[in-house]
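Structure record follows, encoded as structure tokens.
Any read-out appearing in this document is the output of simple, stated calculations on the displayed coordinates, not a laboratory observation. Values in this document were obtained by computation on a predicted structure and should not be read as measured data. Cβ placement follows ideal geometry from the backbone for every residue including glycine, while neighbour counts extend to all protein chains displayed.
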Amino acid sequence: MSFRVFKENGVVVVEVDGQLIVGNRQELKQKVLDELEAGERKFLIDFAKTGYIDSSGLGVLVSLSKKIREQGGELRLANLNEDLRTLFELTKLDTLFTIADSRDEAMATLA
Amino acid sequence: MYRVTEQDGREGAAHFVVELPSEVRWIEPVVDYVLGRAEAFAYAGPRLTLNLRVGIIEALANAIICGNAEDPRKRVRLEVTIDAQRVELEVSDEGPGFSPDQLPDPTAPENLGRPCGRGVYLLRRLMDEVRYNERGNAVRMVLYREAALPVR
């Protein structure tokens with residue numbers, strides 16, 4: 001599992017490759033917080049290559065969303081597979097996040 | 001390292017115990033191992049990749065983090081029985097236990113923004129049977145091959 005962070009059209013894009021779980025969630029959190037501290041305000045987390053997110057991973061996303069909002073920033077999630085969508089719906093976190101079907105769709109809402 | 005011990009089981013079933021140290025890095029390999037054993041019984045699709053995975057990962061994380069407070073001297077025990085109809089799991093730790101019925105509902109509007117408290121809720125939504133022992137340091141779960149009701 002790994003995270004790839006890069007900037008595209010003024011948006012910090014984070015690709016999560018593998019699983020976002022209790023064992024690696026702090027790494028994702030720190031990477032995003034570093035960018036936030038550096039002044040970035042638009043974030044997109046792309047789950048196209050993510051197999052699973054556990055409750056700790058969901059918790060980190062909730063926490064990041066709050067911190068980004070507090071700094072006047074925006075966060076979008078994209079490319080959730082069927083299992084991940086079910087997790088977001090069961091936990092009602094689909095009502096807390098803006099979730100796009102594709103990266104392009106998410107980028108368009110951050111423009 | 002985690003350790004797997006095969007147990008005597010009924011005919012046509014796999015019965016084994018996995019013991020692991022209380023370190024979160026062992027969760028992923030143990031989950032992959034058990035999912036692999038279930039695949040050998042032709043479990044597939046979301047019942048395998050979502051329901052069973054959630055059951056194991058959340059129960060192990062609770063046992064390691066909340067139960068054993070990540071003390072590597074303490075062990076977590078996972079007992080598994082798999083047959084053609086169902087997967088039975090029992091996860092136990094060496095901690096003092098907790099009261100699973102007193103947890104707040106993480107989907108209530110006032111709790112949606114909280115970073116914690118979704119593990120036991122997900123277990124209960126995605127496994128078919130979930131029962132804690134009286135002390136609250138062991139949970140027994142059952143997942144049937146076929147879903148009685150859709151999860152959504």
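Kindly identify region B:99-152 as rounded, prolate or oblate by the Cα gyration tensor criterion: order the square roots of the eigenvalues as a ≥ b ≥ c, call it rounded if a/c is under 1.5, otherwise compare a/b with b/c, prolate if a/b is larger, else oblate. Judged from the Cα gyration tensor, region B:99-152 comes out oblate (a/c at least 1.5, b/c at or above a/b). Under the combined filter of DSSP loop state and at most 12 neighbouring Cβ atoms within 10 Å, region A:7-111 retains none of its chymotrypsin sites (Phe, Trp or Tyr not before Pro). Along the axis of the charge dipole computed for region B:3-144 (Cβ charges of +1 for Lys and Arg, -1 for Asp and Glu, origin at the Cα centre), the listed residues B:ALA61, B:ALA84, B:THR107 are led at the positive end by B:THR107. Averaging 1/r over every pair of different alpha carbons in region B:1-91 and inverting the result gives a Kirkwood radius of 13.3 Å.
Cross-link partners for A:LYS29 among the lysines, with Cα-Cα distance under 25 Å and sequence neighbours closer than 8 places in the same chain left out: A:LYS7, A:LYS42, A:LYS49, A:LYS66, A:LYS67, A:LYS92. Model label points for A:ARG41 and A:GLU27, set 7 angstrom from Cα along the Cα-to-Cβ axis, are 3.1 nm apart. P(r) tail for chain B: Cα pairs beyond 28 Å make up 17% of the total. Structure remark: mean-square fluctuation, Gaussian network model of chain B, C-alpha springs under 10 Å; the largest value among B:PRO21, B:PRO104, B:PRO72 belongs to B:PRO104. Counting, for every residue in B:20-32, the Cβ atoms of other protein chains within 10 Å of its Cβ and taking the mean gives 2.
The distance linking region B:12-36 with region A:1-79 is 28 Å (Cα centroid to Cα centroid, whole angstrom). Comparing mean-square fluctuations of B:LEU112, B:LEU123, B:LEU103 from a GNM of chain B with C-alpha springs under 10 Å, the top value falls on B:LEU112.
Using a Förster distance of 41 Å, how high is the FRET efficiency between B:ALA108 and B:LEU35, based on the Cβ-Cβ distance and rounded to 0.05? For B:ALA108 and B:LEU35, the calculated efficiency is 0.80.
How many percent of all Cα-Cα pairs in the protein assembly as shown sit more than 25 Å apart? Percentage above 25 Å: 46. Averaging the Cα positions of each part gives two centres, and for region B:87-112 and region B:69-84 these lie 17 Å apart. Here nothing in chain B passes the span test, since no DSSP H helix has an alpha carbon length of 27 Å or more along the helix axis and a Kyte-Doolittle mean of 0.5 or above.
With all pairs of separate Cα atoms included, chain A yields a Kirkwood hydrodynamic radius of 13.7 Å.
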